[in-house]
Ligand SMILES: [Zn+2]
């Protein structure tokens, strides 16, 4: 992939990218961003307290990354007024802090941890001369669940049920238009069956509480891979699911597979995205370079975007695989990794589902059948439910909404769930017409309201 060097060519490419991203003609970003004045840290026993002093309020979310352990705090519409630094304290859970601008208007702060922590967070309004504050208490010595987005619902004010958003599932039917994809022995075209499966999945996603589908391609036309990613990003997709049907010379091979991007593939493409984004920021500031730290900034963002979304992609892929097992043969029980261009979104968890082998005569028949297409869509929806039960971002109905439904997470028990909602096991069973305690991850339970 040789990069063109001619400035004219590059300008043209940038313009094309900006047009595709809908950035041309957009107003300049609002300047009234919340400023983070400093980050303070104190240690009390096993608890490390971090305080962000800010000149206003900011919505925030946080999540963990592992190996090495990091805690990431994203502040919406915020910026660092000064370089954020903490004094070194070997008793604290934090080794170092880094920060970088994100998405043009947000601030990402990364804490390198000495050990895993259990974070709690809350916000404080200005009082007694102290400014707006975001407080994190990091408790070492408590086990943490792997990269579960922390729901900061308790700490958020003015967040009612109505302004919680739906999670957005970008559904990408592979190929289209002049690109038929693989063709089965009986002439079935991949582009047609994957669009049918995508439509069935979109229907289900749209009728799910707290989820919304965005079809990347809704008809029989061709879209370049980059355009598909850009459409998903423009729709603020929480996940990207690309649907395909495999083909191979050996016609006896069958089964479904789920892919995610290999890390090798991500780095070059993610770097490209970042370069684009930085160029846009550059342009929107009137051509003035922001500062001289582009390399370290790029590296921080790259590292974060990749490890975050690859880890989430892996979880999503795993949840999908365990559901696809119910529908038919899964070719490989583990997530496969490959360098698919369409999965190279640095910040949207992305997977590619090869639903079945269109080159296998019996699977080709199945791929055409409404019942198999429906079972596939059902399985993928259950996989999505299971994924979002642990990975929905704060501010979504699934993460922060007042539940009248509970999506079962791996490892939960019926009696544990009953406890959590202060119900008796019998009440929970009868509201859901279940007679025994057999439940599965992703299953939706109705939570009866108090009368
Ligand atoms: Zn394909």
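Just so it is clear, none of the values below were taken in a lab; they were calculated from the coordinates. This is a predicted model, so every value here is computed, not measured. Cβ placement follows ideal geometry from the backbone for every residue including glycine, while neighbour counts extend to all protein chains displayed.
Between residue 369 and residue 81, the contour length at 0.36 nm per residue exceeds the alpha carbon distance by 97.8 nm.
How do 252-260, 36-44, 80-88, 431-439 rank on mean C-beta neighbours within 10 Å, highest first? Spell out each step's value before the answer.
Working: 252-260: 20.3, 36-44: 16.6, 80-88: 12.9, 431-439: 11.3.
Highest mean packing first, the order is 252-260, 36-44, 80-88, 431-439.
Per the Cα gyration tensor, the stretch 32-139 maps to an equivalent ellipsoid with semi-axes of 21, 16, 12 Å, ordered largest to smallest. In this simple spin-label approximation, residue 112 and residue 334 carry label points 7 Å from Cα along the Cα→Cβ vector, and these lie 2.9 nm apart. A simple packing score, the average count of other Cβ atoms within 10 Å per residue, orders the peptides 422-428, 112-118 as 112-118, 422-428, with the highest score first. At q = 0.26, 0.27, 0.28, 0.30 Å⁻¹ the log10 of I(q)/I(0) for the stretch 101-142 amounts to -0.94, -0.95, -0.96, -0.98, computed by Debye summation with a single uniform scatterer per C-alpha, solvent ignored. The share of alpha-carbon pairs in the stretch 403-447 lying farther apart than 13 Å comes to 45%. Sorted on the mean count of surrounding Cβ atoms within 10 Å across their residues, most packed first, peptides 440-446, 326-332 read 440-446, 326-332.
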